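*Asks:* Take a look at this one; I'll ask things after.
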Amino acid sequence: KDRTSRAGLYLLGGDAGTLRSYKTSVNDGHDITDQDVLFSRRTAVLGMDVVDQLFPFEDPLGKTISINGLPFMVQGIAERVGEMFGQSQDNYVLIPISTYLQNFSDRWTSLSITIEERLRKRCMIKPWMKPLVSCE
């Protein structure tokens, strides 16, 4: 409805695990999915400052926002994180990384990759079991 966000908004490209690296999660709706990334969908998860600015009195889920003239459907709202060193940690829009790279990157774009260790199932393999069992 012709509302714009304040300066300092961050446009983030990511996947289903990106919000975890920012120490938050989806509060309402759902996160970016593998399918969103695979098909470069124009979907978005909004930080709470963006919700407050663009949708102060309405539910943004299912609504369309415009980023540089491109429409994006809001599919999730992240939990409020708050401030760190006087800077809001909630003034962002998260879109699929593939969509970000196709529409908003250039040859000077830098990427930051976060790797998360997943818990692996521990097992004890006896010497006589090796041909029968593997542990990953």
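The values are calculated or read from the model by the stated rules, or taken from the named source; none is laboratory data. No experiment lies behind these values; they were computed from the predicted model shown. Every residue, glycine as well, gets a Cβ built from its backbone with ideal geometry; the counts of neighbours run over all protein chains shown. Accessible surface areas use protein heavy atoms only, side chains included; no ligands, DNA or RNA. Shrake-Rupley method; radii C 1.70, N 1.55, O 1.52, S 1.80 Å.
*Asks:* Write down, largest first, the equivalent ellipsoid semi-axes of the stretch 32-116 in whole Å, where each equals the square root of 5 times an eigenvalue of the alpha-carbon gyration tensor.
*Replies:* Listed largest to smallest, the semi-axes of the stretch 32-116 are 21, 18, 13 Å.
*Asks:* Distance between Cα centroids, the stretch 60-91 to the stretch 41-55: provide it in whole Å.
*Replies:* 3
*Asks:* Explain nothing, just compute: Karplus ³J(HN,Hα) = 6.51 cos²θ - 1.76 cosθ + 1.60, θ = phi - 60°, for every residue of the stretch 56-71 in order, whole Hz, x for Gly and Pro.
*Replies:* Computed from phi, the couplings for the stretch 56-71 are x, 10, 8, 7, x, 4, x, 7, 10, 10, 10, 10, 6, x, 9, x Hz.
*Asks:* Further question: So if each residue of separation counts as 0.36 nm, and I subtract the Cα-Cα distance between THR33 and TRP108, what length gain in nm does that give?
*Replies:* Values: separation 75, 0.36 × 75 = 27.00 nm, distance 2.66 nm.
Length difference between fully extended and current span is 24.3 nm.
*Asks:* To continue, here is another question. Report the chymotrypsin sites (Phe, Trp or Tyr not before Pro) located in the stretch 14-87 that are in a DSSP loop and have at most 16 other Cβ atoms inside 10 Å of their Cβ, or state none.
*Replies:* Hits after loop and neighbour filter: PHE39, PHE57, PHE85.
*Asks:* Could you size up the charge dipole of the stretch 13-70 around its Cα centre, putting +1 on the beta carbon of Lys and Arg and -1 on that of Asp and Glu, and report it in debye to the nearest 20?
*Replies:* 160
*Asks:* Please calculate the 1.4 Å probe accessible area of SER112, with all protein chains present, and give it to the nearest 10 Å².
*Replies:* Rounded to the nearest 10, the figure is 110 Å².
*Asks:* Additional query: Residue-wise, which Karplus ³J(HN,Hα) couplings in Hz belong to the stretch 83-91, taking 6.51 cos²θ - 1.76 cosθ + 1.60, θ = phi - 60°, and x for glycine or proline?
*Replies:* Working through the residues one at a time gives 10, 9, 6, x, 10, 5, 9, 10, 9 Hz.
*Asks:* Report in % the part of the accessible area of the stretch 40-82 that belongs to carbon and sulfur, leaving out ligands and nucleic acids; probe 1.4 Å.
*Replies:* 53
*Asks:* Please identify every one of the trypsin sites (Lys or Arg not before Pro) in the stretch 9-63 that sits in a loop by DSSP and has no more than 10 other beta carbons within 10 Å of its own beta carbon.
*Replies:* Here the trypsin sites (Lys or Arg not before Pro) that fit, given the DSSP loop and packing criteria, are LYS23.
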